[in-house]
Ligand code: HEM
């Protein structure tokens, strides 16, 4: 069984464990990754830019963050579609209303993934290689007097890094292109001056589409919030996506505003103790993901008759199934 993940822990264990993650994801390391992210974004786009059409999700939004996280988690780049099958199964398995067969299928996929990752943990224990996972495998948590166990590492691989760290960015990239296709004036303005507008656009995508729509919390004490009594033990459904469209917080909350002064103050990466560890990396992936698109694509539209714009049925994550676009290259 996977152990308890970072995201599922409370203080003081959360704080103690988070310290080794913060060290592994330190700003200097993320800066080092920036040039890799940039190069990969252009490489992926250049592979299909002459075709004039693509399935944006499959050809771009999935591989960009997944390859980056694979490289940092000791996995081989050629295995990304195998890994994607495992993370899709995990993601489906944490949804609701599954049949018994589906639960068994999702569990078997998770076990397959554990066999694959187990070999990587053992290799990195023998020969640390400076990647994020190498740090997570080999760093002792001082208060615990030990490194993470295999079971704890397995929980991290699925939940916090491969799903938390690639599925989410994939969904933000696809959502951004969908929003641009529906808001041509925003596209024109964005490409007229990416240096000025792109960072705000990235925040607006995460705010409006909220790849993580919400997560649950358990009340540890009886509490009253805004006149609502919440008993100890109650499950709270914290909807980041709803807060992100709060009209008291964001003027015209349903619009993409490339000049929104408080664009970055959304809840798309949560807030407080569990604030997204990967937000700086996600922001670099979104920046370069959209920048390469703007630099290579003159104009685009949704491919007629091919898009249903349906999302995977899931309670927590908002994931477009596919996005077919036709475009003219620059
Ligand atoms: C657009 C992309 C992303 C979005 C929208 C997103 C969103 C979130 C949210 C909402 C949480 C909070 C969970 C909570 O409050 O319980 C979270 C936590 C977390 N995220 Fe992200 N994330 C993204 C990208 C990434 C990346 C690239 C990584 C790393 C590779 C990552 C790693 C994590 C981890 C490890 C946590 C748990 C932090 C903790 O509990 O202390 N995320 N993320």
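The values are calculated or read from the model by the stated rules, or taken from the named source; none is laboratory data. The structure displayed is predicted, hence computed values, not measured ones. Note: ideal-geometry Cβ built from the backbone for every residue, glycine included; neighbour counts use all protein chains shown.
What do you reckon, is residue 11 exposed (fewer than 13 other Cβ atoms within 10 Å of the Cβ) and away from the ligand (no atom under 14 Å from the Cβ)? Taking the combined requirement at face value, the residue does not satisfy it. Just so you know, in region 260-274 the residues that are touching a residue at least 60 places away in the same chain (Cβ under 8 Å) and surrounded by fewer than 18 Cβ atoms within 10 Å (Cβ to Cβ) include one that is nearest to the ligand (Cβ to nearest atom), and it is 274. For region 76-89, a residue qualifies if it is touching a helix residue (DSSP H, G or I) at 6+ places or on another chain (Cβ under 6 Å) and in contact (Cβ under 8 Å) with a residue 12 or more places away in the chain, and the qualifying residues are 80, 86, 87, 89.
To keep it simple, each residue is scored yes or no on (1) away from the ligand (no atom under 16 Å from the Cβ); (2) touching a residue at least 40 places away in the same chain (Cβ under 8 Å).
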| site | (1), (2) |
| --- | --- |
| 117 | no, yes |
| 129 | yes, yes |
| 147 | yes, no |
| 167 | no, yes |
| 177 | no, yes |
| 181 | yes, yes |
| 184 | yes, no |
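Number of residues in region 290-325 that are out of contact with any helix residue (DSSP H, G or I) (no Cβ under 8 Å at 6 or more places or on another chain), within 30 Å of residue 236 (Cα to Cα) and part of a loop (DSSP other than H, G, I, E, B): the value is 4.
Rundown of residues vs (1) at pLDDT 95 or above; (2) crowded, with 16+ Cβ neighbours inside 10 Å; (3) under 15 Å from the mean Cα position of the chain (by Cα), yes/no style:
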{"site": "237", "(1), (2), (3)": "no, no, no"}
{"site": "240", "(1), (2), (3)": "yes, yes, yes"}
{"site": "276", "(1), (2), (3)": "yes, yes, yes"}
{"site": "282", "(1), (2), (3)": "yes, yes, yes"}
{"site": "296", "(1), (2), (3)": "yes, yes, no"}
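As a summary of the residue check, residue 330 satisfies the conditions (1) away from the ligand (no atom under 16 Å from the Cβ); (2) within 22 Å of the chain's Cα centre (by Cα); (3) modelled with pLDDT under 95 except for the one numbered (2).
Per the listing 197, 287, the residue uniquely assigned to a helix (DSSP H, G or I), in contact with a helix residue (DSSP H, G or I) (Cβ under 8 Å, 6 or more places away or on another chain), modelled with pLDDT of 95 or more and more than 16 Å from the ligand (Cβ to nearest atom) is 197.
Pull up region 91-103, narrow it to residues that are surrounded by 12 or more Cβ atoms within 10 Å (Cβ to Cβ) and over 16 Å from residue 167 (Cα atoms), then point me to the one that is modelled with the lowest pLDDT. Here the answer is 98. Taken over region 215-247, the criterion of being more than 15 Å from the ligand (Cβ to nearest atom) and part of a strand (DSSP E or B) is satisfied by 223, 224, 225, 228, 229, 230.
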